[in-house]
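The values are calculated or read from the model by the stated rules, or taken from the named source; none is laboratory data. What you are looking at is a predicted structure, and each value in this text was computed from that prediction instead of being measured. Counting neighbours? That spans all protein chains shown, and the Cβs are built from the backbone with ideal geometry, glycine included.
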Amino acid sequence: MELRRYWNIVGKKLWLTALITLISCTAAGFYSQQFSVPEYEASAKLIVNQNTSSNALNPSIDTGSITSNIMLIKTYKEIIRTPRIMGKVVEQYPELNATVNELIAKVSVSSVNETQVMSVSARDYSYERAVKMANAVSEVFQQEIRTLMNLDNVSVLYWADPSEQRGPVSPPPTRMIVIAFILAVMVGIGLSFLLDYLDDTVKTERDIRARLGLPTLAAIPKMKRRDMSGRGDHIPNTNQTGWKKNVTIDA
């Protein structure tokens, strides 16, 4: 019974929930198309292979070295996004017009499915600038790792290509609309229960029994003029003096 009552509450205000949802989804779609600034992403791929010096002594590839390189990637991922590397990028590439903190915020590093491949990605409002950031960070890291860890085991698989025509990666309009839809439905249902809680009027016989605990002696149905037209009853002229459309009884 409680579930039926809750469903009735939501059903009575279903129009309110639908209106809030429609307005929210329309506003989210309009905002994502007109006011949000799209961001573009460019990526360069690096591979962490065996050390050059160790290859000279043992040219064969063993699984132990591959495992150690994969574990070393976790260290490299942290080193790339440090002021030491980003400061070198700012010095060597002044045309980026970026600060160290800006590069740290816009550059991300990830490993590809637990392999020896690293992906250096950069996000910016310009795709060409994002390409330059990703390539610059990759090149500087390849140079600096030789000094920092005395290793020469980082190679560039491919650079980010500025000629690629890629669409923006954020903000996705579909995701914003879906989020707006879910939030609007939740707000609409919550508002329906709030309005029902604040409504203390008596509308049905069930309300009388629930509030007063008294039985209903009589009920006056609501009738319209078209309901009486087929009965041959005389309908008085509404323009007559003293005629009122509504009749109330005060206890």
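What do you reckon, is Val89 surrounded by 11 or more Cβ atoms within 10 Å (Cβ to Cβ) and at pLDDT below 90?
No.
Checking the condition assigned to a helix (DSSP H, G or I) and surrounded by 14 or more Cβ atoms within 10 Å (Cβ to Cβ), which residue from Glu102, Glu128, Glu78, Glu95 passes?
Being assigned to a helix (DSSP H, G or I) and surrounded by 14 or more Cβ atoms within 10 Å (Cβ to Cβ) holds for just one of Glu102, Glu128, Glu78, Glu95, which is Glu102.
For the range 26-43: of the residues being in a helix (DSSP H, G or I) and not small (Gly, Ala, Ser), which is farthest from Arg166 (Cα to Cα)?
My answer is Thr26.
Give the number of residues within the range 105-120 that are part of a strand (DSSP E or B) and under 19 Å from Val37 (Cα atoms).
So the count comes out to 1.
Counting just the residues of the range 131-153 that are among the aliphatic types (A, V, I, L, M) and in a loop (DSSP other than H, G, I, E, B), which one comes out modelled with the highest pLDDT?
The extreme case among them is Met149.
Among the residues of the range 81-92, write down those that are touching a residue at least 24 places away in the same chain (Cβ under 8 Å) and either over 20 Å from Asp124 (Cβ atoms) or outside any helix (DSSP H, G or I) (or both).
Correct list: Arg81, Arg84.
Are there any pairs, at least 6 apart or on different chains, whose C-beta atoms fall under 6 Å, with the first in the range 23-47 and aromatic (Phe, Trp, Tyr) and the second in a helix (DSSP H, G or I) and crowded, with 18+ Cβ neighbours inside 10 Å, and if so, which?
Qualifying pairs under 6 Å: Tyr40/Tyr127; Tyr40/Ala130.
When residues of the range 162-198 are filtered for being charged (D, E, K, R), exposed (fewer than 13 other Cβ atoms within 10 Å of the Cβ) and either modelled with pLDDT of 85 or more or assigned to a helix (DSSP H, G or I) (or both), how many remain?
Qualifying residue count for the region: 1.
Please verify whether the range 210-223 includes one or more residues that are under 24 Å from Trp7 (Cβ atoms) and either at pLDDT 70 or above or surrounded by fewer than 10 Cβ atoms within 10 Å (Cβ to Cβ) (or both).
yes
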